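*Asks:* The following block contains the structure, expressed as structure tokens.
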Amino acid sequence: MDTILFLSHTEQDGTLPKAGLEALGAAKSLADSLKATLVAGVFGKTTQPAAAQLAGSGAGRALAVTGADFGEARYATDAAAAEALAKAAGATVVVAPQTSRMARVAPGVAHRVGGHVDTHATAILAKDGAPALTRWFYRQRMEATLKRTHRPWVVLLDGGCHAAFRAEGAAPALEEVAVDVADAQRRTRVKGFKAPKSDAQTIRPDAKLLFVAGAGWTKKQADGKPHVDDAEKLILGFLDGTKASLGSSKSLVDLSGEGSAVLTFMSHLNQIGQTGATPRHPKGLATCCHGEEPHVVGWRFVNERRAVNLDPNCGWARGKADVVYVADAFEVMAKVNALLKK
């Protein structure tokens, strides 16, 4: 019988990240389906707040590696903590969130414990009495189901793919797992954090709305002239009023390489679909986009999709959007911004 280990780091305040709670929910569902033993393992500077979030998970044991050495996202200490937890749990299947911190160490940990690893899973479930995972390939055009007989099996679950676990009842007692940290493992140090100002941050994974701009914003308008400056003001005004996340079509971010006028705050990090991101926002609004297939594929997990485009025959109007507004995006967004200010 498999022993399922939920494994995650904690945040600076000692709580589990949102992706960690989602992975915990998936691990619990898998253990319940297989009637397997569930063990929880967390590591970080402080772990007691995370223990409260494990309440009601059904974990037979709750393990923790705690200490100042594990508060920083550092490969040497993170890998040592994760390895110790996996061995202490006797885990045959490890379910962890696909955070940057866990993704950095998971392959190395799998090697240390003699296991295999799979990343970017979209689900892990019981199939024919054994664990199986699903994941997407070729920019979310193909879905595959994978199974492994080799154990231990480390699986990283993508965020937004499973409902977050909600704690109920009393927090379990944490069993501390000792990990010796040598001076050589402390060579990498985090000196601080640098982040853009809140008004300059346009990528917001937790936003309820995804606003995507297409190349039409930089093209000639009704008067025969481009109005890039006006486009920037309208888009930034909407983002400021709604706190939406900003996305871009590939055609727009590629304009910078063609010597064309571009939106100064837009980069390839904002790209949606066709080698770009695959967001999971509840709602999406596309403006001045033609709705090309590669771009739309990036919207696969957006629940409600709307578009603003002057062309009634654009790709969005052909069954790819729930609602299409055939109108000038400049006029529509100016009116929307005015309403937001009220």
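The values are calculated or read from the model by the stated rules, or taken from the named source; none is laboratory data. If you're wondering where the values come from, they're calculated on a predicted model, not measured in any experiment. FYI the Cβ positions are ideal-geometry reconstructions off the backbone, even for glycines, and counts take in every protein chain you see.
*Asks:* Can we say K283 is more than 21 Å from C314 (Cα to Cα) and among the basic types (K, R)? Write out each step before concluding.
*Replies:* On the way: more than 21 Å from C314 (Cα to Cα): no; among the basic types (K, R): yes.
Taking the combined requirement at face value, the residue does not satisfy it.
*Asks:* Assess whether R151 counts as being assigned to a loop (DSSP other than H, G, I, E, B) and surrounded by 12 or more Cβ atoms within 10 Å (Cβ to Cβ).
*Replies:* yes
*Asks:* Can I ask one more? Taking the condition touching a Leu at 6+ places or on another chain (Cβ under 7 Å) and either at pLDDT 95 or above or buried (at least 23 other Cβ atoms within 10 Å of the Cβ) (or both), does K35 pass? Give the derivation first.
*Replies:* Values: touching a Leu at 6+ places or on another chain (Cβ under 7 Å): no; either at pLDDT 95 or above or buried (at least 23 other Cβ atoms within 10 Å of the Cβ) (or both): yes.
Judged against the criteria, K35 is not a match.
*Asks:* Residues in the stretch 68-77: is at least one closer than 29 Å to M1 by Cβ and either of a type in the set (S, T, Y) or part of a helix (DSSP H, G or I) (or both)? Reasoning before the result, please.
*Replies:* Of all residues in the stretch 68-77, those closer than 29 Å to M1 by Cβ come to none.
No, because not a single residue in the stretch 68-77 is closer than 29 Å to M1 by Cβ and either of a type in the set (S, T, Y) or part of a helix (DSSP H, G or I) (or both).
*Asks:* Continuing with the same structure: Among the residues of the stretch 115-145, count how many are in a loop (DSSP other than H, G, I, E, B) and either closer than 22 Å to A31 by Cβ or acidic (D, E) (or both).
*Replies:* Filtering the stretch 115-145 down to residues in a loop (DSSP other than H, G, I, E, B) leaves 115, 122, 128-129, 138-141.
If we keep only those that are either closer than 22 Å to A31 by Cβ or acidic (D, E) (or both) as well, we get 115, 122, 128-129.
Counting residues in the stretch 115-145 that are in a loop (DSSP other than H, G, I, E, B) and either closer than 22 Å to A31 by Cβ or acidic (D, E) (or both) gives 4.
*Asks:* Is it true that some residue in the stretch 148-166 is free of Cβ contacts under 8 Å to residues at least 24 places away in the same chain, closer than 30 Å to D229 by Cβ and either more than 16 Å from the chain's Cα centre (by Cα) or assigned by TED's automatic domain parsing to the domain that holds T278 (or both)?
*Replies:* No: zero hits.
*Asks:* Is there a residue in the stretch 89-104 that is outside any loop (DSSP other than H, G, I, E, B), crowded, with 22+ Cβ neighbours inside 10 Å and more than 23 Å from the chain's Cα centre (by Cα)?
*Replies:* yes
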